[in-house]
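Have a look at the structure below, then the notes.
The values are calculated or read from the model by the stated rules, or taken from the named source; none is laboratory data. Remember, it's a predicted structure, so these values are computed and weren't measured experimentally. Reconstructed Cβ throughout: ideal geometry from the backbone, glycine too, with neighbour counts over all protein chains shown. The accessibility values were calculated without ligands, DNA or RNA, using every heavy atom of the protein model including side chains. Shrake-Rupley method; radii C 1.70, N 1.55, O 1.52, S 1.80 Å.
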Amino acid sequence: MSDFDKKEDEKTGTATSRNFIELIIDEDLKTGKYGGRVHTRFPPEPNGYLHIGHAKAICLNFGIAEQYGGLCNLRFDDTNPTKEETEYIESIKEDVRWLGFDWEDRLYFASDYFEQMYGYAADLIKKGKAYVCDLTAEETREYRGTLTEPGKDSPYRNRSIEENLDLFERMRAGEFPDGARVLKAKIDMANPNLNMRDPVMYRILHASHPRTGDEWCIYPMYDWAHGLEDSIERITHSICTLEFEVHRPLYDWFLEQLGVYRPQQIEFARLNMNYTVMSKRKLLELVKEGYVNGWDDPRMPTISGLRRRGYTPESIRNFSDRIGIAKADSVVDIALLEHCLREEQNLRAQRMMAVLHPLKVVIENYPEDKVEEMEAVNNPEDESMGTRTVPFSRELYIEREDFQEEPHKKFYRLAPGREVRLRYGYYIKCEEVIKDENGEVIELRCSYDPETRGGWSPDGRKVKATLHWVSAKHAVKAEVRLYDRLFNEENPLDVEEDENWKSNINPDSLKSLYPCYLEQNLAESKAGDRFQFERLGYFCVDPDSSNERLVFNRSVPLRDTWKKIQAKM
RNA sequence: UGGGGCGUCGUCAAGCGGUAAGACACAGGAUUUUGGAUCCUGCAUUCGGAGGUUCGAAUCCUCCCGCCCCAGCCA
């Protein structure tokens, strides 16, 4: 446990009650159902990048293993070569590792069990519990019946065991084209649970697999494969999302028919968050159609996107803990995720000064060539982070927003004739406003009080505002990318009949600012470095950054009370 | 509609027959060289609804209402 986590536990008094899955495990441990073992797995299909919803599942599965002194496997459910790619396998491994979890030597692939699964299928055929069916996909659908009407038996349902074995072998041997035949479980075409109406176990797919190449042309279906994978790995608690609840009878049926070890499947509600989408299909669409710049675009809810945005593993794990585990469908407020990052970064992030929307300030009574090194605190929350020095000179930049020519009554920053403090600098007073031909303010002429060095006045007079600033001639130019929510609607999928969910995309979700002026201490920052830019937010260096052109991402803005006051005006 | 689930504060979520935790959000106030942080305070007489059992119900029973999942040779 990191210091941050400890601190967090103390603060929230984490006597957090147990979720329903832990309750089940407690009970199993008490009754000795699995001989005291706890063994979970995280079983992604490598058909896309992982998102924050997967992070919830990863934290749950690895977390439970850790908590009970058990194990958690990383297993790729790679049973559909038409959708899966090696790139995804690698990204998933990276993401799980980055989140801080270790599968040690337990990296498995469903494809490693293909031969074994084939053998089990043959066993089922021999028991008269599976048959080769020649119905087309469309016919199979018709035979399945509907929600209210029972299905009817396939004409191929009563083939002899010998014929089934022969046909199944020939399916594997590649004698038939895609879709020509399937292997089905022989269960009950009238079962009210549609999943039990002779589900398909194998389909013919002449596709090259990322790992097994062209060794196979028949591939197992999820329902058939997944329970076997769990069984083979001696998983105790197979945790999955709610939509698989209706598949559990089938999960159990296969393992019971085979007479093999049977784990307990437990379903929980998947994570939804407002202002974003969370399905791999839709995220793929955003990537492929260029609405974002790749899977790791900082606006994406993918783990790689959050990482690039500046989120930390700790903040995501913390988020995971706080949202809880339950069975009710829910939509978590993205504000909670943001809160988790701020909470952590407040304690850890080095403070720096940066001006995003520069407005020039000339201090008329400050000597032309004078430069003073002012001492600045690196983190008021953590004295051990020490201090640094920032240069002060006659010409500075301040934030445009920190000046109002005709100040609103609640605005207490800089205005004509008004005095404010420059953080770690001096008190300055605005003496004159300079505008261009369009009437736009382009420069402020100010005076400073030499007695207020460091930001204190000997006469004890108060100034309400403290502004951040950067010395113009020492400043480092940089690009800063500001992100906003990707969608304008809380539920992006909530659209009129004739509209597409993508019409809810926020066209202003990315704003790139250049040039922004940073204090020179930021000049050497490298990709991944994180800072708080005082009064603005938490920022990190983007991988696009170079020594020639620094690029920062705003991970999350600071809480902004002033913005709220303005919104009410 | 057949089957499987779920309904507790704006959003998550505890609660497991003894009289509604916590977090986020929100609203006040204190404090402050970040309108940040921190610190106080407020925020469900009520648990989808209606009956019933009980000394006592969010918790048990009955009925009703609403939402989600299943008719891929996807996972």
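Listed values, structure above:
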item: Fully extended contour minus Cα-Cα distance, from A:Thr241 to A:Leu107, at 0.36 nm per residue; result: 46.1 nm
item: For A:Gly36, residues with placed amide H under 5 Å, excluding near neighbours; result: none
item: Mean accessible surface per residue for region A:354-468, computed with a 1.4 Å probe while every protein chain stays in place, in Å²; result: 52
item: Those lysines that a straight Cα-Cα span of less than 20 Å connects to A:Lys282, excepting residues fewer than 8 apart in one chain; result: A:Lys56, A:Lys83, A:Lys502
item: Region A:512-549-region A:431-493 distance, computed between alpha-carbon centres (Å); result: 17
item: Order of exposure, largest accessible area first, which applies to A:Arg348, A:Arg413 with probe 1.4 Å; result: A:Arg348, A:Arg413
item: Accessible surface of region A:17-268 [probe 1.4 Å, protein heavy atoms]: carbon and sulfur percent; result: 48
item: Cα-projected label distance for A:Arg453 with A:Trp562, points at 7 Å along beta-carbon direction, nm; result: 2.8
item: Per residue value of the accessible surface for region A:17-268 (all protein chains in place, 1.4 Å probe), Å²; result: 42
item: Added length on full extension, which subtracts the Cα-Cα distance from 0.36 nm per residue, A:Glu162 to A:Leu284; result: 39.5 nm
item: Of all accessible heavy-atom area on region A:354-468, the percent that carbon and sulfur account for (1.4 Å); result: 44
item: Efficiency of FRET between A:Gln404 and A:Lys473 - r from beta-carbon atoms, R0 35 angstrom, step 0.05; result: 0.85
item: Fully extended contour minus Cα-Cα distance, from A:Glu548 to A:Thr31, at 0.36 nm per residue; result: 179.7 nm
item: Convex hull of chain A built on C-alpha atoms - directionally averaged projected area, nm²; result: 32.9
item: Charged-residue dipole, Cβ positions (Lys, Arg, Asp, Glu), chain A about Cα centre, Debye nearest 20; result: 1080
item: Pairwise label distance in nanometres, A:Glu115 with A:Glu375, each label 7 Å out on the Cα-Cβ vector; result: 7.1
item: Distance (nanometres) between label positions extended 7 Å along Cα→Cβ at A:Asp329 and A:Ala173; result: 4.9
item: Sum of side-chain charges, A:Gly455 neighbourhood, beta-carbon under 9 Å (Lys, Arg +1; Asp, Glu -1); result: +3
item: Net dipole in debye of region A:17-268 [+1 Lys, Arg Cβ; -1 Asp, Glu Cβ; about Cα centre; nearest 20]; result: 680
